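Accompanying notes for the structure given below.
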Amino acid sequence: MIQDLHVHTYYSFCSQDKPEKVVETAIAGGIQMLGICDHNYGVGCARTDACWGKGTRLDVDYEKTLVRYYDHMNNIREKYAKKIKILCGIEICTLTGTKDSYALPMGADVSFFDFALVENLDHPSSITNGDIVNFAKRCGCPVGIAHTDLFAFIRKKGEEPYRYLRKLAEAGIFWEINVNYDSLHGFKSHDYVTEFFKNKEQQDIIKKTGVRLSVGFDGHIAAEYKAQRVKSACKLIQDMGIHLVFENR
């Protein structure tokens, strides 16, 4: 299955496209499963200036805005059901303590989402404290690790890769292979992704531990979407004998 589980709409402050445009761009590119997962602070702050430019806002009330966003994406899911499978996710910022951090409040309920992508896991100011397993329990939905050099993170923790990745697999936590290449990200690919696709040892560990992978373009600009990068990554992963998350949904 060709899946892209990381795209953004105008709910994210750094994106301006309507959900319909994002979905139709993916359909035109031959994507079979699309995971829309806007940033929690864009959704939670209801696209106002409540968060943007003001730093960490752990006091923002997410109760209604999260449900409203999910309902909107569910309507989009139903609208395009005959053309593409859509999942409604959310990208969770876990940074706190800086003017550019907008961590999800611990009390915000995201359990009803199809999945969550967690970013900043490897940052010293992350509210996860580097413990993705316990944070995933707090989320209550399938959780993936977004755009992170996971093997470097494991080395930094002083963990043994096989043992650590087995824990992730047992907790149902997946790892994102981020294939972004657009102007918002400076037309730069991720080094960890390049390394993974040529590193047979890493591939073997992922396969043997049972960790599932996701592919995400991390698109914020529909006009710059490169579906071929997504399709190529999905095929390479499947050719390795590694499972993509949600591949049987």
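The values are calculated or read from the model by the stated rules, or taken from the named source; none is laboratory data. Since we're looking at a predicted model, the values are computed, not measured. Cβ atoms come from the backbone with ideal geometry, glycine included; neighbour counts cover every protein chain shown. Side chains are part of the model used for accessible areas, which takes the heavy atoms of the whole protein and leaves out ligands, DNA and RNA. Shrake-Rupley method; radii C 1.70, N 1.55, O 1.52, S 1.80 Å.
Picking from residues in region 144-155 that are over 15 Å from H6 (Cβ atoms) and among the aliphatic types (A, V, I, L, M), the one that is surrounded by the most Cβ atoms within 10 Å (Cβ to Cβ) is L150.
Within region 222-249, residues that are closer than 26 Å to E201 by Cα have Cβ atoms under 7 Å from residues that are open to solvent by less than 10 Å² (accessible area, probe 1.4 Å) and of a type in the set (G, A, S) in these pairs: L244/S214; V245/G144; V245/S214, counting only partners at least 6 apart in sequence or on another chain. Candidates in region 126-135 are the residues that are more than 22 Å from V193 (Cβ to Cβ) and of a type outside the set (S, T, N, Q); of these, the one that is least open to solvent (accessible area, probe 1.4 Å) is F135.
Set side by side, the residues A233, A223 differ, and just one is farther than 27 Å from C139 by Cα and open to solvent by less than 10 Å² (accessible area, probe 1.4 Å), which is A233. Look at region 3-25: where a residue is touching a residue at least 12 places away in the same chain (Cβ under 8 Å) and part of a strand (DSSP E or B) and a partner is surrounded by 16 or more Cβ atoms within 10 Å (Cβ to Cβ) and of a type in the set (D, E, K, R), sitting 6+ places away or on another chain with Cβ atoms under 7 Å, you get H6/E176; H6/D218.
Of the residues making up region 158-183, those that are assigned to a helix (DSSP H, G or I) and at pLDDT 95 or above number 10.
Each residue in region 189-209 was checked for being more than 18 Å from the chain's Cα centre (by Cα) and modelled with pLDDT under 95, and 0 pass.
Considering region 156-179, and only residues there that are surrounded by 13 or more Cβ atoms within 10 Å (Cβ to Cβ) and more than 20 Å from G210 (Cβ to Cβ), the residue that is nearest to the chain's Cα centre (by Cα) turns out to be N178.
Exactly one residue out of T9, T25, T96, T48 is surrounded by fewer than 21 Cβ atoms within 10 Å (Cβ to Cβ), on the phi < 0 side of the Ramachandran plot and at pLDDT 90 or above: that is T25.
Answer yes or no: is there a residue in region 82-89 that is at pLDDT 95 or above, within 24 Å of H147 (Cβ to Cβ) and assigned to a loop (DSSP other than H, G, I, E, B). Within region 82-89 (the criterion being at pLDDT 95 or above, within 24 Å of H147 (Cβ to Cβ) and assigned to a loop (DSSP other than H, G, I, E, B)), the answer is yes, since at least one residue qualifies. Would you check if K137 is at pLDDT 95 or above, basic (K, R) and in a loop (DSSP other than H, G, I, E, B)? No: the conditions fail for K137. Take the conditions under 26 Å from C45 (Cβ atoms), in contact (Cβ under 8 Å) with a residue 24 or more places away in the chain, assigned to a loop (DSSP other than H, G, I, E, B) and under 13 Å from the mean Cα position of the chain (by Cα) and apply them to H123. Does it pass? It is false that H123 is under 26 Å from C45 (Cβ atoms), in contact (Cβ under 8 Å) with a residue 24 or more places away in the chain, assigned to a loop (DSSP other than H, G, I, E, B) and under 13 Å from the mean Cα position of the chain (by Cα).
Between H185, H123, H190, the distinction of being more than 25 Å from D17 (Cα to Cα), surrounded by 14 or more Cβ atoms within 10 Å (Cβ to Cβ) and not small (G, A, S) belongs to H123 only. Has region 60-75 got at least one residue that is assigned to a helix (DSSP H, G or I), basic (K, R) and either open to solvent by less than 60 Å² (accessible area, probe 1.4 Å) or at pLDDT below 85 (or both)? No: zero hits.
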